[in-house]
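Chemist: I have a structure I would like to understand better, so I am pasting it below and will then ask my questions one at a time.
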Amino acid sequence: MVDFGTAELTLEMIQASQVGMSAVGAGLAVGLTGVGTGLAEMGIGAAAVGATAENRDMFGLALLFTVIPETIVIFGLVVALLLLF
Amino acid sequence: MAGVSSGSAQYIYACTRMRVRKSLLIPREDYLRMLNMSLPEITRFIGETIYRSEIDELGTSFSGINLVEVALSWNLAKEYQSILELVPGDLKHFTASYLRRWDIQNVVTVLRGKMQKMQPGKIKEVLVPAGRLDRVALDRLVAEESPERVAESLKGERFYPVIERELPRAMETGSFAHLENELYKGYYARLIADAKGGVKGGDIFLKYIQLEIDIRNIQNLFRLRAGQVREDVRELMIGGGSFTVDELQRLSGLESPDEFIDALKRQVKMIPLLNALEEIRGKTALHEIEVALTRVQLDQMERMSKRYAFSILPILVYLEKKKYEVANLRALARGKEAGLPGERLQGYLVM
């Protein structure tokens with residue numbers, strides 16, 4: 001004898017759990033890449049401020065170098081969006 | 001973690017600023033151009049570089065060679081003080097120790113000036129307030145009446161015990177050479193103690209100090225040979241480098257120049273220095289030998305500063321290069337004033 005009520009409930013639970021897990025994955029993807037970007041930008045940003053302080057013409061180039069690690073967090077964001085939608 | 005991270009960001013900031021400043025130093029081609037200029041042209045030329053504000057400011061009170069000299073000293077002092085302000089934490093500690101050499105130079109200049117009863121204004125012109133003793137402290141020293149009074153007002157300074165011990169003898173003989181040697185030996189000993197004091201990055205600082213001591217000792221050995229000094233040189237040598245003072249004494253006793261260079265080469269491990277010593281073999285003029293050795297020191301420091309990219313070394317490289325830039329410009333201006341030809345002057349420049 002099969003208990004259909006219990007089976008349906010388990011399936012719903014699994015589905016809900018999958019949604020939850022993908023949300024956690026999306027969060028981790030954005031969060032960890034954010035930390036990675038921050039660490040990468042720390043050194044570049046410090047050097048960029050130093051260079052700009054000495055020579056103002058460096059500002060544009062220094063800003064460009066500083067934001068290059070932003071790509072990491074964008075990859076994370078893309079992965080998160082793919083997971084959620 | 002947070003402390004370590006923010007610390008390294010500060011190191012990167014300071015070292016990058018030093019690298020940018022280093023790239024703005026006068027390049028070799030400009031020195032070569034300046035060799036063909038007259039003194040007013042040189043003054044105008046450096047008045048268009050980073051020395052502009054000093055040349056403009058002092059232009060009304062000084063002229064000719066004095067203007068160049070004083071402007072260079074002021075710029076050097078301003079530059080060093082600004083670096084001392086911008087470097088962070090541990091780096092400040094090491095930079096301040098390094099800059100104490102200027103205190104020694106200034107104090108000895110004041111003592112000599114006072115001994116020879118020079119006008120306070122004249123003494124002030126040749127001081128470079130780049131160390132811990134700033135312009136106000138130096139003004140106070142210059143205003144004192146006699147060398148003894150100057151020494152007394154230095155009570156509490158690191159080097160006061162040496163001055164207290166050596167000044168009577170210096171006054172008696174009228175020569176401050178021994179006092180100066182002792183002060184510099186004390187300075188290097190103190191630098192080594194600071195580097196070994198357990199502050200982070202001290203091991204790298206120590207490498208620089210040892211290089212500096214080695215090069216200085218080798219230069220001194222060459223000088224002593226040129227001056228035909230054969231007596232006990234142990235007093236004149238600086239301890240703490242890779243040569244012991246006794247080894248240096250043995251080296252100075254060697255008669256033939258070839259034998260001396262061979263013996264030196266056996267002790268040296270640094271390849272650029274070995275090459276430089278080989279080149280020196282053919283040279284007889286002392287200034288060429290000194291410039292060649294200084295070049296090796298700067299190149300080696302540059303190489304070390306790339307290996308330890310975010311340490312005290314990039315700052316020291318800049319400080320040293322700036323020092324030689326000022327020395328070069330001063331030599332150029334003085335040489336032109338004395339009417340020396342460009343080719344002769346070139347041999348004295350560290351480019």
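Chemist: Tell me which lysines have Cα within less than 18 Å of residue B:207's Cα, excluding those fewer than 8 residues away on the same chain?
Modeler: B:92, B:185, B:196, B:269, B:306, B:321
Chemist: How high is the relative contact order of chain B, in percent, with contacts defined as C-alpha pairs under 8 Å that are six or more residues apart?
Modeler: 22 percent
Chemist: For residue B:337, what charge total do you get from the other residues with a beta carbon under 12 Å from its beta carbon, if Lys and Arg give +1 and Asp and Glu give -1?
Modeler: The answer is +2.
Chemist: Under the classification rounded if a/c is under 1.5, otherwise prolate if a/b is larger than b/c and oblate if not, where does chain B fall, given a ≥ b ≥ c as square roots of the Cα gyration tensor eigenvalues?
Modeler: rounded
Chemist: How would you classify segment B:28-90 from its alpha-carbon gyration tensor, with a ≥ b ≥ c the square roots of the eigenvalues: rounded for a/c under 1.5, else prolate if a/b is greater than b/c, otherwise oblate?
Modeler: Oblate.
Chemist: Which order do B:16, A:37, B:284, A:71 fall in if you start with the one that has the fewest other Cβ atoms within 10 Å?
Modeler: Ascending Cβ contact count within 10 Å gives the list B:284, A:71, A:37, B:16.
Chemist: May I pose another question? Check cross-link reach from residue B:155 to the aspartates and glutamates: straight Cα distance under 13 Å, and skip same-chain residues fewer than eight apart.
Modeler: Qualifying aspartates and glutamates at Cα under 13 Å: B:164.
Chemist: Next question, about the same structure. Given axes a ≥ b ≥ c from the Cα gyration tensor, I'd like to know whether segment B:128-188 is rounded (a/c under 1.5), prolate (a/b larger than b/c) or oblate.
Modeler: Details: a/c = 1.83, a/b = 1.26, b/c = 1.45.
Oblate, because a/c is 1.5 or more while a/b does not exceed b/c.
Chemist: For A:37-46, what's the mean count of beta carbons from other chains sitting within 10 Å of each residue's beta carbon?
Modeler: Counting other chains' Cβ atoms within 10 Å and averaging over A:37-46 gives 3.
Chemist: Mind checking segment B:196-259 for GluC sites (Glu not before Pro) that DSSP puts in a loop (not H, G, I, E or B) and that have at most 14 other Cβ atoms within 10 Å? Show your work: numbers first, answer last.
Modeler: Details: sites: B:212, B:231, B:235, B:247, B:255, B:259; in loops: B:231, B:255.
Of the GluC sites (Glu not before Pro), the ones in loops of segment B:196-259 whose Cβ has at most 14 other Cβ atoms within 10 Å are B:231, B:255.
Chemist: What length, rounded to one decimal in nm, is gained on full extension from residue B:119 through to residue B:235, with 0.36 nm per residue of separation minus their alpha-carbon distance?
Modeler: Contour length minus Cα-Cα distance gives 38.4 nm.
Chemist: Obtain the radius of gyration and the Kirkwood radius of segment A:43-85 from its C-alpha atoms and give Rg over Rh. Provide the component values of the computation, followed by the final result.
Modeler: Working: Rg = 14.7 Å, Rh = 11.7 Å.
Answer for segment A:43-85: 1.26.
Chemist: Quick one: compute the contact order of chain A, relative version, from alpha carbon pairs under 8 angstrom and 6+ residues apart, as a percent. Walk me through the numbers on the way to the answer.
Modeler: On the way: 55 pairs, mean separation 37.0, N = 85.
Dividing the mean separation by the residue count of chain A yields 44 percent.
Chemist: Which net charge results for the neighbourhood of residue B:161, defined as the other residues with beta-carbon distances under 15 angstrom from its beta-carbon, given Lys and Arg at +1 and Asp and Glu at -1?
Modeler: +1
Chemist: Using alpha-carbon pairs under 8 Å, 6+ residues apart, how would you state the relative contact order of segment B:1-125 in percent?
Modeler: Relative contact order for segment B:1-125 comes out at 22 percent.
Read-outs: derived from the displayed coordinates by stated rules, not from any lab. Only a predicted model underlies this, so the values are computations on that prediction, with no experimental measurement involved. Every residue, glycine among them, receives a Cβ derived from its backbone with ideal geometry; neighbour counts consider all protein chains shown.
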